[in-house]
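Here is the structure we will look at, set down as structure tokens.
The values are calculated or read from the model by the stated rules, or taken from the named source; none is laboratory data. In this text the structure is predicted, and so the values were computed from the model without any measurement. Note that we place each Cβ from the backbone using ideal geometry, even for glycine, and neighbour counts take in every protein chain shown. All accessible areas refer to the heavy atoms of the entire protein, side chains included, with ligands and DNA or RNA removed. Shrake-Rupley method; radii C 1.70, N 1.55, O 1.52, S 1.80 Å.
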Amino acid sequence: MTGGIRRERLTTAPTPDSRHDFLVELRGEPMPGTRLRIRYVPDRLVLDPAGLAAYLPALATVPGGLEALAVAVLDDLNNELVPRWVEVSAERDTPLPHRVSIEDRQPTWDNPVLLGRLG
């Protein structure tokens, strides 16, 4: 499944109030044993959790390891949401514990107080 077809499953809604920075966190399992965590600061759009649930099974066709999975999700979110800041983490426990985290942000956005509380 190509990125464009996969991204079509992601649905969005307008941000309730774009004057404020707030953190959204969603989690899911795109395939058994693989956990995905998405954290982002919305700009104009927020991700619909039902759309994310429909999108997760399409990630099973992403070739490569966790690194490729995390990059694909980041690219899809950046195309559909254009968030102020976004972090994607993918992890598995077998055959060895393995975790990948990738982030991106709009060039002019910064909120060190919010990001400093993420831990």
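Worth a mention:
- Hypothetical label at Asn111: residues of segment 1-30 whose amide nitrogen lies under 12 Å (7 Å Cα-Cβ projection): 16-25
- Accessible surface of segment 19-119, 1.4 Å probe: 55 percent of it comes from carbon and sulfur atoms.
- What separates the Cα centres of segment 94-119 and segment 9-55 is a distance of 15 Å.
- Test item: Cα-centred dipole of the chain, Lys/Arg +1 and Asp/Glu -1 on Cβ, debye: 140
- DSSP loop chymotrypsin sites (Phe, Trp or Tyr not before Pro) with at most 16 other Cβ within 10 Å: longest gap in the chain: 23-108
- Trypsin sites (Lys or Arg not before Pro) within segment 10-119: DSSP coil, no more than 16 neighbouring Cβ in 10 Å: Arg19, Arg44, Arg117
- On Cα atoms only, tilt of 66-80 relative to the major axis of the chain in degrees: 40
- One compactness figure for segment 5-114 is 1.05, namely its Cα radius of gyration divided by 2.2 N^0.38 Å.
- The calculated Kirkwood hydrodynamic radius for segment 1-59 is 12.4 Å, given to one decimal from all distinct C-alpha pairs.
- Heavy atoms of the protein chains alone define the surface here; on that basis the chain has 55 Å² accessible area per residue at 1.4 Å probe size.
- Across the options Leu77, Ala54, Thr108, the greatest Cα extent toward the positive end of the charge dipole of the chain (unit charges at beta carbon of Lys, Arg, Asp, Glu) belongs to Ala54.
- Think of it as helices only: each DSSP H run of n ≥ 4 in the chain is worth -39500 (n - 2.57), and spread over all residues that comes to -7000 deg cm²/dmol at 222 nm.
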